[in-house]
1. Counting only residues that are assigned to a loop (DSSP other than H, G, I, E, B), more than 22 Å from the chain's Cα centre (by Cα) and facing chain A (nearest Cβ under 8 Å), how many does the stretch B:125-156 have?
2. Any idea which of (1) in contact with a Lys or Arg (Cβ under 9 Å, 6 or more places away or on another chain); (2) buried (at least 21 other Cβ atoms within 10 Å of the Cβ) is the one B:Leu133 doesn't satisfy?
3. Just give me the residues in the stretch A:11-30 being at the interface with another protein chain (Cβ under 10 Å from one of its Cβ atoms) and either in contact with a Phe, Trp or Tyr (Cβ under 6 Å, 6 or more places away or on another chain) or open to solvent by less than 50 Å² (accessible area, probe 1.4 Å) (or both), in sequence order.
4. In the stretch A:137-159, what count of residues is obtained for those that are among the acidic types (Asp, Glu) and open to solvent by 90 Å² or more (accessible area, probe 1.4 Å)?
5. Mind checking whether some residue in the stretch A:84-101 is part of a loop (DSSP other than H, G, I, E, B), among the small types (Gly, Ala, Ser) and either more than 17 Å from B:Ala32 (Cβ to Cβ) or modelled with pLDDT of 95 or more (or both)?
6. Given the structure, is B:Lys71 charged (D, E, K, R), more than 26 Å from A:Leu100 (Cβ to Cβ) and open to solvent by 30 Å² or more (accessible area, probe 1.4 Å)?
7. So which residues in the stretch A:38-66 are open to solvent by less than 30 Å² (accessible area, probe 1.4 Å) and either at pLDDT below 95 or assigned to a helix (DSSP H, G or I) (or both)?
8. Sort out which residues of the stretch A:113-124 are assigned to a loop (DSSP other than H, G, I, E, B) and crowded, with 17+ Cβ neighbours inside 10 Å, and write them in order of number.
There are 2 protein chains.
Amino acid sequence: MSDTRFAERVSVEQVEEGNNLAPKFDENGLIAAVTTDAKTGDVLMLGYMNAEALAKTIETGEAHYWSRSRKVLWHKGATSGLVQKVVDLRIDDDQDAVWLKVEVAGSGASCHVGYMSCFYRSIPTGEKPTPDLELEYQESSKTFDPTDVYGDAPNPTQL
Amino acid sequence: MSDTRFAERVSVEQVEEGNNLAPKFDENGLIAAVTTDAKTGDVLMLGYMNAEALAKTIETGEAHYWSRSRKVLWHKGATSGLVQKVVDLRIDDDQDAVWLKVEVAGSGASCHVGYMSCFYRSIPTGEKPTPDLELEYQESSKTFDPTDVYGDAPNPTQL
């Protein structure tokens, strides 16, 4: 797909070893985006960006994603105030994923459930998984009450 | 999709607030996997797992992915020796992504191009992107020569 904001992908060498930004969006027009806390190094969330969200993130230095559940451009923090300021924006070897190191405004939380990170539970390793396996909580309490912040907005989690 | 190794997804509350591992695989049967270096906190790579790769990672404590380019279960490091030992395995709120904190064997590299991290280039922010934007290298040299390690194996990067 040609996009006048980005370079065209012409060779593997250009994509992997060059200085061009030539992102590869998938069949849904999306690229994966990993967001980490610049201070703690914790992974806060894994989101997705379309070309517009990536361009807005580059232009503004604030994280924008594509909301797959709401199907809209999503300026993270627009509702909650928990804006993510981009300290460093990286692209990977084949340019189909980005990594954002961010400073989060306010309480520093990034998860709609109320935790700091969306990755608040660990999966125990060392045994074959069964439906009885129990996840272990790594965050003991929520930083906010989602109903206070989001009110009646539909939960983005889909079954 | 029902999988006898994992719990079934029965409610948003169970998925977000429960102790069940009830992962959601996408239309290609995959879940995104973010891998960070347990020591530095750097994001090393973004990969994908199918149900088998996730189960193998849980059972063995070593990272397994689904190679989308080769379409095979991929025990990371089987060719290069750069095995990723899982220190902590996390799942996100809606259970469609995992985060692996790993210790990498050998040189510690995780990128097939030869760098420590696949995310070796930064995208400058603050201006609207154009095709003339120049990426900035954050790693100055490769840790290995890919042709020594992978020989004639096809490059996984696709245009």
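1. Summing the residues that are assigned to a loop (DSSP other than H, G, I, E, B), more than 22 Å from the chain's Cα centre (by Cα) and facing chain A (nearest Cβ under 8 Å) in the stretch B:125-156 gives 9.
2. Of (1) in contact with a Lys or Arg (Cβ under 9 Å, 6 or more places away or on another chain); (2) buried (at least 21 other Cβ atoms within 10 Å of the Cβ), only one is false for B:Leu133: (2).
3. Selection gives A:Ser11, A:Val12, A:Gln14, A:Val15, A:Glu16, A:Gly18, A:Leu21, A:Ala22, A:Pro23.
4. First pass over the stretch A:137-159, keeping only residues among the acidic types (Asp, Glu): A:139, A:145, A:148, A:152.
Now restrict to residues that are open to solvent by 90 Å² or more (accessible area, probe 1.4 Å): A:148, A:152.
Total meeting the criteria: 2.
5. First, pick out the residues of the stretch A:84-101 that are part of a loop (DSSP other than H, G, I, E, B): A:92-96.
Next, only the ones that are among the small types (Gly, Ala, Ser) stay: none.
No; the residues of the stretch A:84-101 include none that is part of a loop (DSSP other than H, G, I, E, B), among the small types (Gly, Ala, Ser) and either more than 17 Å from B:Ala32 (Cβ to Cβ) or modelled with pLDDT of 95 or more (or both).
6. Working: charged (D, E, K, R): yes; more than 26 Å from A:Leu100 (Cβ to Cβ): yes; open to solvent by 30 Å² or more (accessible area, probe 1.4 Å): yes.
Yes.
7. A:Gly41, A:Ala51, A:Ala53, A:Leu54, A:Ala55, A:Thr57, A:Ile58
8. So in the stretch A:113-124, the residues assigned to a loop (DSSP other than H, G, I, E, B) come out as A:113-120, A:123-124.
Within the stretch A:113-124, A:Val113, A:Gly114, A:Tyr115, A:Met116, A:Ser117, A:Cys118, A:Phe119, A:Tyr120, A:Ile123 meet the criteria.
The values are calculated or read from the model by the stated rules, or taken from the named source; none is laboratory data. What you are looking at is a predicted structure, and each value in this text was computed from that prediction instead of being measured. Methodologically, a virtual Cβ is constructed for each residue, glycine included, from the backbone with ideal geometry; neighbour enumeration extends over all protein chains shown. Calculation scope for accessible area: heavy atoms of the full protein, side chains included, ligands and nucleic acids excluded. Shrake-Rupley method; radii C 1.70, N 1.55, O 1.52, S 1.80 Å.
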